[in-house]
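> Sharing a structure below in structure tokens format, with a few things to ask.
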Amino acid sequence: MRRRASLPTGYQRISGRLPLPMAHNPASARDSTLAYQDLTPDDIIASVESLGLSCDGRLLALNSYENRVYRVGLENAPPVVAKFYRPGRWTDAAILEEHGFARELADAEVPVVPPLAHAGHTLHVRGDFRFAVYPCHGGRAPELDDLALLEQLGRLVARIHLQGSRRGFRHRMQIGLDSYGVASRDVLLDGGFIPDDLRDVYAGICEHAFEWVGHCFARAGTPRQLRLHGDFHPGNVLVLGEQVHIVDLDDTLSGPAVQDLWMFLSGNRDEQSPQLARLLAGYCEFRDFDPLELHLVEALRTLRIMHYAAWLARRWEDPAFRIAFPWFNTRRYWDEHVLALREQVALMQEPPLEWKGC
């Protein structure tokens, strides 16, 4: 049995980071690093209070690197979560499409957390910053060995996909070989991140990986493209007692259904099989699942590994990233990255996980 390539350390809420064209607003005209350095507690409080809310001065930075996210205390009311969007990453239209999808899911009683509206708007601008405000929900990440919880998550994913299949996105990206693979390789090679003596090796293993990603997609036929959560992993699920909330649709995109399922599979093949069975047992209570999409699991894992490295490279000039990810762009990191891609090429050649069907 080959050893499974693991996702890099710290991979929480940080995938799907290809930028769309820059929005035409003041925030996108500035360097994102400088704009984020300028964001102060006074800016945060003043922005939230511009919506008619009264802050009590308490702020807590939450675990997010792409955007700046804070729990903000309010006077005589529960706290809220304020998300300040990184300039230049998403257009206004793409953000509003995300907000609309979250609202659509919430209206269908799917337990997502949509942004709060003020004067009919969910995306707000104050000075250089675009931001949104959300209700605050507490909880813990799910335990992947809790098979009953995996079945519950399967049901929730199916309900997301039922809504996601009703129409398509116009302004969000689609996951695929070009957007997650080729673009990621080009960022790393063109940006000079790959050590000189590894460039040919890296370029070669990328071509080999792309070939097998293509084979995996060919074996899957023509998977239906849906509106997805896009970054559905344990860090984006909050469990509190028997309640489960799904958060952070920042990376919502179009793609095959299995994209919202495979990140809950962990361990070796024998360990993943019962996890998959319980996920899909819950999923099939609400929606059919095409077993051909199981051919995509290792292909999507490969693309995510590549995309993650390119995301770090794109943000490497942000001082917060150099502090949070000091192991990135070291020789050891690139050696392990190339090894992970080699292992993924081998895994993509193996049969997919077995599933008996709904």
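> Condition first: modelled with pLDDT of 95 or more and acidic (Asp, Glu). Can you find one or more residues in the stretch 49-69 that meet it?
Yes, the stretch 49-69 contains a residue that is modelled with pLDDT of 95 or more and acidic (Asp, Glu).
> Which residues, counting only those in the stretch 300-324, are modelled with pLDDT of 95 or more and small (Gly, Ala, Ser)?
Correct list: Ala309, Ala310, Ala313.
> Still on this structure, please answer the following. Restricting the stretch 144-159 to residues that are in contact (Cβ under 8 Å) with a residue 24 or more places away in the chain and closer than 24 Å to Asn63 by Cα, which is surrounded by the most Cβ atoms within 10 Å (Cβ to Cβ)? Before you say what the answer is, go through the steps one by one.
Step one: filter the stretch 144-159 for residues in contact (Cβ under 8 Å) with a residue 24 or more places away in the chain, giving 144, 147-159.
So of that shortlist, the ones also closer than 24 Å to Asn63 by Cα come out as 144, 149-150, 153, 156-157.
Values: Leu144: 18, Leu149: 19, Leu150: 24, Leu153: 26, Leu156: 23, Val157: 29.
Only one residue fits best here, namely Val157.
> From the list Leu280, Leu265, pick out the single residue that is buried (at least 17 other Cβ atoms within 10 Å of the Cβ) and within 25 Å of Gly214 (Cβ to Cβ). Please lay out each step first, then the result.
Details: Leu280 fails: within 25 Å of Gly214 (Cβ to Cβ).
Just a single option satisfies the conditions, and that option is Leu265.
> Does Gly181 fit the bill of being part of a helix (DSSP H, G or I) and at pLDDT 95 or above?
Values: part of a helix (DSSP H, G or I): yes; at pLDDT 95 or above: yes.
Answer is yes for this residue.
> Being among the hydrophobic types (A, V, I, L, M, F, W, C), in contact with a Lys or Arg (Cβ under 9 Å, 6 or more places away or on another chain) and touching a residue at least 60 places away in the same chain (Cβ under 8 Å): is that true of Leu39 here? Give the steps one after another, and end with the answer.
On the way: among the hydrophobic types (A, V, I, L, M, F, W, C): yes; in contact with a Lys or Arg (Cβ under 9 Å, 6 or more places away or on another chain): yes; touching a residue at least 60 places away in the same chain (Cβ under 8 Å): yes.
In short, yes.
> Additional query: Would you confirm, using the coordinates I've provided, whether Val81 is modelled with pLDDT of 95 or more, assigned to a helix (DSSP H, G or I), closer than 16 Å to Arg130 by Cβ and of a type outside the set (Asp, Glu)?
Numbers: modelled with pLDDT of 95 or more: yes; assigned to a helix (DSSP H, G or I): no; closer than 16 Å to Arg130 by Cβ: yes; of a type outside the set (Asp, Glu): yes.
Against the criterion (modelled with pLDDT of 95 or more, assigned to a helix (DSSP H, G or I), closer than 16 Å to Arg130 by Cβ and of a type outside the set (Asp, Glu)), Val81 does not qualify.
The values are calculated or read from the model by the stated rules, or taken from the named source; none is laboratory data. Keep in mind the model is a prediction, meaning the values are calculated, not measured. All Cβ positions, glycine included, derive from the backbone under ideal geometry; neighbour counts span all protein chains shown.
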